[in-house]
Amino acid sequence: MALVLRGHHLLCVHGFKGMGYSPEFVEKMSEVVMDIRNENKDFPIKIVADLDDTCKSCPNNGISKCVASENSNDHVLTMDRKVIEQLGLKDGETYPKSVLVSLTAAKVRPDDLDVICAGCSWLSYGVCKEGIADLRQMCQSSMETY
Ligand code: SF4
């Protein structure tokens with residue numbers, strides 16, 4: 001069965017450093033992040049602008065929407081849609097993880113996060129931009145070895 005991931009989490013996974021909304025959420029996100037960063041592993045991921053498999057472990061999960069704050073659901077949905085559009089994906093479609101990681105490396109620059117992730121409380125830590133920069137470098141060097 002495919003992992004279900006909301007669009008903006010395709011970016012979060014590259015900068016994730018163990019910070020999160022609760023121990024349960026951090027544990028689930030760490031699991032997903034390890035699988036996605038594992039170059040020897042490929043698996044299907046269904047991309048959505050909606051709650052996903054990591055949201056199931058989040059204390060802000062309001063069953064049908066994010067309830068972290070009054071505007072949080074609209075905010076995360078906007079980020080999901082921006083990522084889905086920038087990567088040229090379709091909401092609800094399933095893709096191999098390797099394709100999603102390559103598309104992210106090719107189509108997202110660190111400074112794009114200023115626009116895509118505007119309003120996210122983690123953005124100012126800088127780790128997400130670093131994660132995208134590292135991913136781009138890693139993908140570029142692995143292409144150069146061919
Ligand atoms: S700034 Fe927020 S939404 Fe953007 S990648 Fe980081 S944690 Fe995810």
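The values are calculated or read from the model by the stated rules, or taken from the named source; none is laboratory data. Remember, it's a predicted structure, so these values are computed and weren't measured experimentally. Don't worry about glycine lacking a Cβ; one is built from the backbone with ideal geometry, like all the others, and counts go over all protein chains shown. In case anyone asks, the SASA skips ligands and DNA or RNA and just uses the protein heavy atoms, side chains included. Shrake-Rupley method; radii C 1.70, N 1.55, O 1.52, S 1.80 Å.
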Practice task
At 1.4 Å probe size, with no ligands or nucleic acids counted, give the accessible surface of residue 114 in Å², nearest ten.
Solution key: 70
Completion exercise
Of 94, 104, ordered by accessible area with the largest first and a 1.4 Å probe, the sequence is 94, 104
Handout entry: Antiparallel DSSP beta bridges within the chain, as percent of all bridges there, nearest 5
Key = 50
Fill in the blank from the handout: Ignoring ligands and nucleic acids, residue 26 exposes an accessible area, probe 1.4 Å, in Å² to the nearest 10, of 30
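Give, in nm to one decimal, the length gained when the segment between residue 111 and residue 65 is fully stretched (0.36 nm per residue of separation minus the Cα-Cα distance).
So the extension gain works out to 13.7 nm.
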Exercise for the section: Would you compute, for the Cα atoms of region 3-140, the largest minus smallest coordinate along each principal axis and list the three values in descending order, in whole Å? Expected result: 40, 29, 29
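Roughly speaking, to the nearest percent, how much of region 3-140's 1.4 Å accessible area is carbon and sulfur?
Details: 3710 of 7320 Å².
Summing carbon and sulfur atoms, their accessible area is 51 percent of the total for region 3-140.
Under DSSP H, which helices of the chain have Cα atoms covering 24 Å or more of the helix axis and a Kyte-Doolittle average no less than -1.0? Walk me through the intermediate numbers first.
On the way: long enough: 127-144 (25 Å, -0.27).
Both cut-offs are met by 127-144.
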Problem - residue 121 paired with residue 40, simple spin-label distance in nm, labels 7 Å along Cα-to-beta-carbon - result: 3.7
Completion exercise
Judged on accessible area alone, 1.4 Å probe, highest first, 80, 35 line up as 35, 80
Fill in the blank from the handout: Ignoring ligands and nucleic acids, residue 130 exposes an accessible area, probe 1.4 Å, in Å² to the nearest 10, of 100
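Let me have the 222 nm mean residue ellipticity of the chain computed from DSSP H runs of 4+ only, each contributing -39500 (n - 2.57), with the sum over all residues rounded to the nearest 500.
Details: 6 runs with 70 residues, N = 146.
Result for the chain, helices only: -15000 deg cm²/dmol.
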Handout entry: region 1-70 and region 99-120: distance between their alpha carbon centers, rounded to Å
Key = 16
